[in-house]
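Notes follow the structure.
The values are calculated or read from the model by the stated rules, or taken from the named source; none is laboratory data. Bear in mind the structure is a predicted one, so any value in this text is a computation, not a measurement. Reconstructed Cβ throughout: ideal geometry from the backbone, glycine too, with neighbour counts over all protein chains shown. To get the accessible areas, we keep the full protein, side chains included, count just its heavy atoms, and leave off ligands, DNA and RNA. Shrake-Rupley method; radii C 1.70, N 1.55, O 1.52, S 1.80 Å.
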Amino acid sequence: MKTTLTPQATLSKSLPPVDAKTRVSQLMRQLQDEISQGLQQLDGGGTFQEDTWERPEGGGGRSRVIRDGAVFEQGGVNFSEVWGSHLPPSILAQRPEAEGHQFYATGTSMVLHPRNPYVPTVHLNYRYFEAGPVWWFGGGIDLTPYYPFAEDAAHFHYTLKQACDAHDPEYYSVFKPWCDEYFYLKHRQEMRGIGGIFFDYQDGQGQLYRGPDPKGVAAITSDRVDIPATRNWEELFAFVQDCGKAFLPAYTPIVKRRQSMEYGDRERNFQLYRRGRYVEFNLVYDRGTIFGLQTNGRTESILMSLPPLVRWEYGYQPEPNTPEAELYQVFLKPQDWASLTSLLV
């Protein structure tokens with residue numbers, strides 16, 4: 001079976017319910033509320049400040065940002081809901097059958113940059129698109145640690161795998177390597193972190209993998225598991241809902257384990273250096289950033305994913321036999337983290 005370079009140019013046989021936009025919008029708002037409330041409680045000091053904004057071409061959103069908290073140096077949890085006359089080039093290149101249709105898009109996105117280098121940065125995004133008869137869900141979640149703790153990686157991935165397995169036993173096997181593939185800095189030839197799950201253009205038809213690399217692990221795995229049974233809108237909506245709810249159980253225990261660990265200038269400087277990779281990815285490759293800028297979204301909300309402090313160092317190489325070296329040698333390479341159940345606390 002051959003995996004194509006772009007998603008199949010066919011219309012979904014399963015149309016969304018008439019209230020699809022309303023229900024997805026409510027879900028994305030609810031995710032923003034639950035996540036921001038949970039994170040504020042976890043931080044114990046900082047609070048989220050909310051801005052609402054409107055997009056001249058149609059739609060708007062709510063941006064919530066936390067700064068200088070007890071745990072989170074800076075972070076944001078955004079909700080957006082936009083519509084317009086046509087999709088931007090970055091989307092039409094992947095879904096040409098949506099050309100000529102008005103579009104609707106909504107989603108929740110989040111990035112957190114903790115102060116303590118032992119607490120990992122985390123990113124989440126779930127989204128939904130409609131353009132005439134074309135619709136799909138996309139998104140995912142990934143973890144970017146600065147220091148290597150295998151038990152944290154195992155817990156994070158195992159929690160996400162459980163959420164996936166509740167809907168299809170093959171979801172995680174495809175969406176995990178797809179995440180490894182997506183959050184990869186090609187110009188550095190390294191992963192951004194330890195990954196998580198990522199999927200896009202899911203409309204219930206065809207193969208699970210709809211990405212650009214037909215020779216990658218995600219594509220090969222998708223070919224191997226064959227084409228799953230047709231999934232309708234309700235099934236994919238329920239899957240995205242459970243993925244969103246899995247965030248706090250996946251991340252909160254890690255923060256609680258690491259937030260009080262002592263660190264010094266060495267660890268802080270390494271954290272700021274590695275944050276530079278985050279900036280590079282978000283400005284060069286991130287689809288959400290590109291989509292937001294191409295659709296005249298609110299720039300402050302789009303770029304809230306960037307860290308407050310960052311540094312670059314020319315020709316940096318970690319010292320041998322250090323935690324920093326272990327991060328590069330082991331943690332920034334694809335690993336089967338979910339199988340390390342013996343490390344679960």
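Against the test of being within 25 Å of G138 (Cβ to Cβ) and not in a helix (DSSP H, G or I), the options P307, P320 yield a single qualifying residue, P307.
Results for (1) assigned to a strand (DSSP E or B); (2) open to solvent by 10 Å² or more (accessible area, probe 1.4 Å); (3) closer than 17 Å to M110 by Cβ, shown as yes or no for each residue.
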| position | (1), (2), (3) |
| --- | --- |
| T22 | no, yes, no |
| M28 | no, no, yes |
| I35 | no, no, yes |
| T47 | no, yes, yes |
| G75 | yes, no, yes |
| L87 | no, no, no |
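Is there a residue being in contact with a strand residue (DSSP E or B) (Cβ under 8 Å, 6 or more places away or on another chain) and either of a type in the set (V, I, T) or open to solvent by less than 50 Å² (accessible area, probe 1.4 Å) (or both) anywhere in segment 312-326? The answer is no, given that none of the residues of segment 312-326 is in contact with a strand residue (DSSP E or B) (Cβ under 8 Å, 6 or more places away or on another chain) and either of a type in the set (V, I, T) or open to solvent by less than 50 Å² (accessible area, probe 1.4 Å) (or both). When residues in segment 252-280 are screened for being among the β-branched types (V, I, T) and surrounded by fewer than 16 Cβ atoms within 10 Å (Cβ to Cβ), 2 of them pass. Go through (1) more than 18 Å from M110 (Cβ to Cβ); (2) touching a Gly at 6+ places or on another chain (Cβ under 9 Å) for T252 and report which single condition fails. Only one criterion in (1) more than 18 Å from M110 (Cβ to Cβ); (2) touching a Gly at 6+ places or on another chain (Cβ under 9 Å) is unmet by T252, namely (1). Checking each residue in segment 221-233 for being assigned to a helix (DSSP H, G or I) and without any contact (Cβ under 8 Å) to a residue 60 or more places away in the chain picks out T221, R224, V225. Of the residues making up segment 201-219, those that are under 13 Å from E181 (Cα atoms) and in contact (Cβ under 8 Å) with a residue 24 or more places away in the chain are Y209, R210, G211, P212, D213, P214, G216, V217, A218, A219. In segment 205-222, of all residues being farther than 18 Å from Y172 by Cβ and in contact with a Leu (Cβ under 7 Å, 6 or more places away or on another chain), the one that is least open to solvent (accessible area, probe 1.4 Å) corresponds to P214. Would you say F149 is out of contact with any Ser or Thr (no Cβ under 7 Å at 6 or more places or on another chain), open to solvent by less than 10 Å² (accessible area, probe 1.4 Å) and under 26 Å from E262 (Cα atoms)? No, not satisfied. Filter segment 124-146 down to the residues that are open to solvent by less than 40 Å² (accessible area, probe 1.4 Å) and more than 18 Å from L208 (Cα to Cα) and list them by number. The answer is L124, N125, E130, A131, D142, L143, T144, P145, Y146. For the residues L283, L236, L248, the requirement of being in a helix (DSSP H, G or I), open to solvent by less than 10 Å² (accessible area, probe 1.4 Å) and more than 20 Å from P148 (Cβ to Cβ) singles out L236.
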